[in-house]
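Single-structure report; data block below.
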Amino acid sequence: MRIAVIGTGYVGLVSAACFAELGHTVIGVDIDEEKVKKLQTGKPTIYEPGLEEILNRGLQSGRLSFTTNIAEALPNTSVVFSAVATPPNEDYTADLRAVFTVAETIAKNADKDTVFVNKSTVPVGTGKDCEEKIAAILKDRGIDIHIPVISNPEFLREGTAVKDTMNPDRVVVGINGDEWAKEMMDELYQPVLRTGRPLVHMSRESAELVKYASNSFLATKISFINMLSHFCEVTGANVRDVARGMGLDDRIGPRFLHAGIGYGGSCFPKDVKALIAMSRHFDVPLPLVDATLEINQQQRLRFFQKLLNSLPEGSTVGVWGLSFKPKTDDLREAPSLDLIPMLQRCKHTVRVHDPIAMDNAKKLLGDDVIFTNSPMEAATEADAVILLTEWDVFRGVDMNELKAVMRGNALFDGRNVYEIEEVEEAGLSYHGIGIPHSKE
Ligand code: NAD
């Protein structure tokens, strides 16, 4: 099948490369000329395991190409995916300008029946709004073609995006009528369905909500254990033991029950906020979602404040990890972007290391930050070290070596990954989340 993918960011690029890998002919479209030029030469614009290989295989096979010109992509295409960003506005609503621009561009340029598939995360009712905008333009053009709008939310996770796309837990297709478009979607996903993965049909409104509901539920699980972590600190319980005891219950499960400095990234924060905005819009309270956001914001600040309170004037702090989670170079809503300016405002020296995200971070953090080549170099002469992202390279550090390079001895474990005994045996003082201090 011939398809176009509009927007070649994290979702669009991975989707385009995976669809080509599955045998479809795909043209990726982006307004960012630099990005398109890079992709045309086989260089991925994001870090994602396995992406470079399938990108190049797609280009070499001739099944994958990139352009900045949507009009060039449409004539040979029967299905157009939109994977543009929907970032949060100040008032938590989703910024839908890019989605509407894509819908309008398709309506202005299509000359035959075309299925418009929205992969972006959008509030309930956005598909209907797109359809109305498209219909108005087609009417103005006086052209009798049909462009149904389908919701096909994306569930890939950065860091495992290729794997998730090739082996999704489920494919959700939201469609109101249009048997022809439904058949197109079934055919498109046939290679994935053949591996036994389920495709679930539902109304467009339900599909739009599934994505927000899933992300908000996972974020709620994280905020629940983070809320308990504070309670553990006060009561002397250990949140790791509590989480393990809970997670072994099949009905609960161990995932997303890891206390830490809270969730970040491009999806959980924005999707929780957008669901809150929707609840305001429809005037239906969703108090659990409100609490999820509030706990997440407090959790991060509470831990950072603990670090700041412990630092004498003019300290040096080693920051381990800049991306919002391991195996990605994405810094959107990363804790590092909150903490580092706080440290700088207090005139502390900041030494950082991240295995992948330093180039992106350099564009955002300014010249005062010292970028280093290894965890130990970031920790050198530091009064305190704080782990923000649990990359493997930080998990495996030798605590004795760490103690030897530091000036002070405080290790702040924002991801609760270190063993307190091992840290303390090396002469370091351990500050975790929801974990009682053994020697205080
Ligand atoms: P992104 O910012 O990485 O990519 C968006 C791309 O769209 C950019 O390359 C941008 O240049 C391009 N673009 C913007 N306007 C355009 C236009 N008019 N025509 C062509 N290209 C245009 O965003 P992303 O992280 O890939 O997210 C895309 C959507 O998918 C969002 O709604 C997001 O919530 C959702 N989503 C993201 C993830 C994730 O992990 N990043 C996972 C699931 C769902």
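The values are calculated or read from the model by the stated rules, or taken from the named source; none is laboratory data. Everything quoted here is computed from the prediction, not taken from an experiment. Every residue, glycine as well, gets a Cβ built from its backbone with ideal geometry; the counts of neighbours run over all protein chains shown.
Annotations for the structure displayed:
- Test: residue 347 is touching a residue at least 12 places away in the same chain (Cβ under 8 Å), surrounded by fewer than 16 Cβ atoms within 10 Å (Cβ to Cβ), over 24 Å from residue 263 (Cβ atoms) and of a type outside the set (A, V, I, L, M): yes
- Single unsatisfied condition, residue 78 versus (1) touching a residue at least 12 places away in the same chain (Cβ under 8 Å); (2) under 19 Å from the mean Cα position of the chain (by Cα): (2)
- Where helices (runs of 4 or more DSSP H) sit wholly within the range 104-195, those with at least 1 residues that are assigned by TED's automatic domain parsing to the domain that holds residue 44, out of contact with any helix residue (DSSP H, G or I) (no Cβ under 6 Å at 6 or more places or on another chain) and within 17 Å of residue 2 (Cβ to Cβ) occupy 179-188, 190-193.
- Within the range 37-56, tally of residues that are in contact with a strand residue (DSSP E or B) (Cβ under 8 Å, 6 or more places away or on another chain) and surrounded by fewer than 20 Cβ atoms within 10 Å (Cβ to Cβ): 1
- Single match in 361, 379 (criterion: among the aliphatic types (A, V, I, L, M) and in contact (Cβ under 8 Å) with a residue 60 or more places away in the chain): 379
- Residue 218 being within 16 Å of the ligand (Cβ to nearest atom), closer than 29 Å to residue 11 by Cβ and aliphatic (A, V, I, L, M): yes
- Test: residue in the range 371-391 that is surrounded by fewer than 23 Cβ atoms within 10 Å (Cβ to Cβ), out of contact with any helix residue (DSSP H, G or I) (no Cβ under 9 Å at 6 or more places or on another chain) and modelled with pLDDT under 95: no
- Here residue 192 passes the criteria (1) of a type in the set (A, V, I, L, M, F, W, C); (2) surrounded by fewer than 18 Cβ atoms within 10 Å (Cβ to Cβ); (3) modelled with pLDDT under 95 except the one numbered (2).
- Taking the range 78-102 as the range and being more than 10 Å from the ligand (Cβ to nearest atom) and among the small types (Gly, Ala, Ser) as the test, only 78 passes.
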